[in-house]
Amino acid sequence: MWRWPGPGVCGTLSRGGESTRAKPGKGETLRSLTAALPRLLVPVLLLVLLAACMDDDDGADLNAATVTPVDDAGSMDTDDAPPTPEPTLTPGPEPTETQAPDDGAPATPEATATRQGAYEIVTGPEHYLYEVRTGDTLESIAGYFDAGDGDTSYLEPGELGQLNDVDNSALEAGMLLAVPLLISHVDALMPENTIAAALGVGEAGNELELLAPSREMIDGYLGQIALYRVALTPADGGQEPGYVMEYWRTDRAALRAGEVQPGAVFTVPAFTIAAGSMADVEAPGSETRETFTRDGVAYALMTFEGAELDAMAHVDLLVTPAGR
């Protein structure tokens, strides 16, 4: 066991500064120091070890503050971690095919157009449809609807043929032509004067009247009504004259102060007037029908879903060109 050096190593000092013992020789002194060296080094080594231990403790505390321990359940070893699920897309609804309209659905101009392109032209009140009859020519048709006064014509046969891309040789009974709208009166919805002349209205022995919507009726529709389709049996054909006039609703006022409003389009049928030799004509899809006679001439008025009033109420609001 290491011990601190005792008085026998270095000797003792007298009060006078002289040693009470004889001074050792050089060899004896070197041997004494060599023997005592291990004991002198022990405290130094202990201090070094103590300082080293204190440094280790500080480093351990530092490591403990910066490293978060993970238990076995939360081990950071990725080999044992459960796999991350792959993202998936939720499938949307299966696309469905567009259903074709039922054969019994009301016909629209776009759906019923077949061999002629008149339906593509007649989408708004700027034009209306005319059903060609046997014996018609571009000249005769232009005369029915030109709104002229006999001396002046406002619709030329060539213009009518160019609009429909036809000539006289191509005309067939039953085909439809697009006709530009011309009016003869500020409150009228058609060229009443030339249509009446074609029907022979007012001629001797002809009691047929051209019946048309009154201003009161037009205002009741807020102006949202226009002539859509016409069929005629003229008085010069050797048959009893007659006509069919079909009126449709529009999405906005069709005419104002005798001028067609740009942008107005046809929406749904409103009512049809049939008269004379054509009074028995049925309007497919009509909801109400009222028949009546005037001066021995038969008439019928049929209303559709787009009508504001029933058939009888419409009859009471019809006028003749002379009665405006």
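The values are calculated or read from the model by the stated rules, or taken from the named source; none is laboratory data. Source: prediction; values computed, not measured. Virtual Cβ from ideal backbone geometry, glycine too; neighbours counted across all protein chains shown.
Could you tell me whether region 221-243 includes any residue that is among the acidic types (Asp, Glu) and either closer than 15 Å to Leu317 by Cβ or in contact with a His (Cβ under 6 Å, 6 or more places away or on another chain) (or both)? Explain how you work it out, then say what you get.
Here is the first cut: in region 221-243, the residues among the acidic types (Asp, Glu) are 236, 240.
Keeping just the survivors that are either closer than 15 Å to Leu317 by Cβ or in contact with a His (Cβ under 6 Å, 6 or more places away or on another chain) (or both) gives none.
No, every residue in region 221-243 fails to be among the acidic types (Asp, Glu) and either closer than 15 Å to Leu317 by Cβ or in contact with a His (Cβ under 6 Å, 6 or more places away or on another chain) (or both).
Give me the strands (runs of 3 or more DSSP E) completely within region 217-324, filtered to those with at least 2 residues that are closer than 20 Å to Thr123 by Cα and in contact (Cβ under 8 Å) with a residue 12 or more places away in the chain, ordered by residue number.
On the way: elements: 225-233, 242-250, 266-276, 288-294, 297-303.
Qualifying strands (runs of 3 or more DSSP E): 225-233, 242-250, 266-276.
In this structure, is Leu199 in contact (Cβ under 8 Å) with a residue 12 or more places away in the chain, over 38 Å from the mean Cα position of the chain (by Cα) and closer than 19 Å to Met245 by Cα? Please lay out each step first, then the result.
Details: in contact (Cβ under 8 Å) with a residue 12 or more places away in the chain: yes; over 38 Å from the mean Cα position of the chain (by Cα): yes; closer than 19 Å to Met245 by Cα: yes.
The answer is yes for Leu199.
Each row is one residue, and each column tells you yes or no for (1) on the phi > 0 side of the Ramachandran plot; (2) at pLDDT below 95; (3) part of a loop (DSSP other than H, G, I, E, B).
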residue: Ala147; (1), (2), (3): yes, yes, yes
residue: Asp151; (1), (2), (3): no, yes, yes
residue: Glu159; (1), (2), (3): no, no, no
residue: Ala173; (1), (2), (3): no, no, yes
residue: Ile183; (1), (2), (3): no, yes, yes
residue: Gly205; (1), (2), (3): yes, yes, yes
residue: Leu208; (1), (2), (3): no, no, yes
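How many residues are surrounded by 16 or more Cβ atoms within 10 Å (Cβ to Cβ) and either more than 24 Å from Ala212 (Cα to Cα) or in contact with a Cys (Cβ under 7 Å, 6 or more places away or on another chain) (or both) when one looks only at region 164-191?
Qualifying residue count for the region: 4.
Residues are listed down the side, and each one gets a yes or a no for (1) in contact with a helix residue (DSSP H, G or I) (Cβ under 7 Å, 6 or more places away or on another chain); (2) within 22 Å of Ile195 (Cβ to Cβ); (3) of a type outside the set (S, T, N, Q):
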| residue | (1), (2), (3) |
| --- | --- |
| Arg249 | no, yes, yes |
| Val260 | no, yes, yes |
| Gly263 | no, no, yes |
| Val268 | no, no, yes |
| Ala275 | no, yes, yes |
| Ala283 | no, yes, yes |
| Asp295 | no, yes, yes |
| Leu317 | yes, yes, yes |
| Thr320 | no, yes, no |
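Pick from region 262-288 the residues that are surrounded by fewer than 17 Cβ atoms within 10 Å (Cβ to Cβ) and of a type outside the set (Val, Ile, Thr): which of them is modelled with the lowest pLDDT?
Pro262
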